[in-house]
């Protein structure tokens, strides 16, 4: 048996878990865009803050106290979600809400400013150095021999995949069936009409930011536990990649964000398997350009209908 | 004319022994130097069908936009349910019991017919997000009731067979009916319809006429109407306000308005 098959298999595993993280972040971009038509460039920083809060939680509770690792993971996730959601809500409330209704560029600039602010805020509080995250999740889910090559999936990657799939299913159900999800869809189609029917659109928008922050926090904590180091700049590239995933899948479409994330993760890891690693971003963004040339509205996006 | 109008209004009020639901007082709306609407004063009383007519550009839709909170009027009062609602946010006005349609149909096109009716009840359903996440008994009960109300209105506007279709795929007449049902399911005190007969064929217009009257009689709702279809307006309106260039030129019953010289001049031209 040649070496290609095990290599592809291993990259498939790596690619899916990377794509899962992109997809988690991308949902935040796509839902906010769907409802208020703005790109929240600070969303990558929200993800980074999630990673930091997770690390702080783990450090604060401490491994010395004798709590089992699973407890620390759950606590890190729980606290990171709560704190990060508060950040997500606050960013919208103070940096974007008062700008609603102004020309599109204005909230965009505010978002970029917010992104720079949050990044530097963490640099000041936590320094710009890499911080190491304790290896709480060790071992491998499986490690098999395929034709003389070892193909393995670490438990941390397995957890990423598992949690992401569960959250995607929950988000899909929620948006499809829950009352708030219905209100989100109504707002994304016609926000003024939704207001005229008595839906408090500010609440819906706040909710969207909180949901986005929730998913990004989970992504941040899990990536910290998987890579075991974080710095204040991880949000920038991850944010751009997730944004790319959202556009790839069709911005405004939640299933599109999931598909785009998975696709981007796979393309990147496959590219780095066959090309020098530096080319992986080139391939990822190249793919974006090609897809936008062929399908300007993204894979699952609906072509924009001009509003009367 | 003015004595005539005041008399009619008074007669109507005493006739029906009803207080006004909506009172517009000296409404003015300027856009920079342009006065789009000026000097508009009228009352809509309980269970009345009140129509605003006038040539294109007379400012009828601007009046609607002021009432529903899209515009903050430059001056004047909009009294509804004992409070001045001028300049409030549109969702607050909606929650007071005012709901409207637009000249162009604005359904949630990618949602199903029944979902359109469910989402319109969002503000009335009290159980919050936490109940939803935990899927509590109270939440399930309120969802079931919402579905029952939706089913009731689907029957009422004869859309039950298409309940699970996307709203955007319905015929034009069906979309108009769904839009009215979606308004009514919010249990409004005032239903504002902006050219509901536009684009309907004569048969559908007759049905619409019947539906509006029916709603007024059974649902305890007042109707404020903008319409170009004169036969519909003359047929169903209790009173009519005629506007031209942002100003009121006549008010009264269909019979009075039909014979008003100002109205004849505005519609037929002449000096």
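The values are calculated or read from the model by the stated rules, or taken from the named source; none is laboratory data. This structure is a prediction, so every number in the text was calculated from the model and none was measured. All Cβ positions, even for glycine, are placed from backbone atoms using ideal geometry, and neighbour counts span all protein chains on display.
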Taking the condition within 16 Å of residue B:251 (Cβ to Cβ) and in contact (Cβ under 8 Å) with a residue 60 or more places away in the chain, does residue B:45 pass?
-> yes
Mind counting the residues in the stretch B:104-120 that are under 29 Å from residue B:78 (Cα atoms) and more than 9 Å from chain A (Cβ to nearest Cβ)?
-> 2
From A:247, A:218, A:267, residue being at pLDDT below 95, assigned to a helix (DSSP H, G or I), surrounded by 23 or more Cβ atoms within 10 Å (Cβ to Cβ) and more than 14 Å from chain B (Cβ to nearest Cβ) = A:247
Filtering the stretch B:106-165 down to residues that are on the phi > 0 side of the Ramachandran plot and either crowded, with 20+ Cβ neighbours inside 10 Å or more than 26 Å from the chain's Cα centre (by Cα) (or both) yields B:135
Any residue in the stretch A:173-190 that is more than 10 Å from chain B (Cβ to nearest Cβ) and more than 30 Å from residue B:70 (Cα to Cα)?
-> yes
Scanning the stretch B:77-97 for residues that are touching a residue at least 40 places away in the same chain (Cβ under 8 Å), away from chain A (no Cβ under 11 Å) and out of contact with any helix residue (DSSP H, G or I) (no Cβ under 8 Å at 6 or more places or on another chain), the one nearest to residue B:213 (Cα to Cα) turns out to be B:79
Would you confirm whether any residue within the stretch A:136-154 is in contact (Cβ under 8 Å) with a residue 12 or more places away in the chain, under 30 Å from residue B:120 (Cβ atoms) and surrounded by 13 or more Cβ atoms within 10 Å (Cβ to Cβ)?
-> no
Residues of the stretch A:193-203 that turn out to be surrounded by fewer than 22 Cβ atoms within 10 Å (Cβ to Cβ) and more than 7 Å from chain B (Cβ to nearest Cβ), as a count = 2
State the number of residues belonging to the stretch B:136-150 that are more than 9 Å from chain A (Cβ to nearest Cβ) and free of Cβ contacts under 8 Å to residues at least 24 places away in the same chain.
-> 8
Being touching a residue at least 60 places away in the same chain (Cβ under 8 Å), surrounded by fewer than 24 Cβ atoms within 10 Å (Cβ to Cβ) and either in contact with a strand residue (DSSP E or B) (Cβ under 7 Å, 6 or more places away or on another chain) or under 26 Å from residue A:103 (Cβ atoms) (or both) narrows it down to one of A:39, A:46, so name that one.
-> A:39
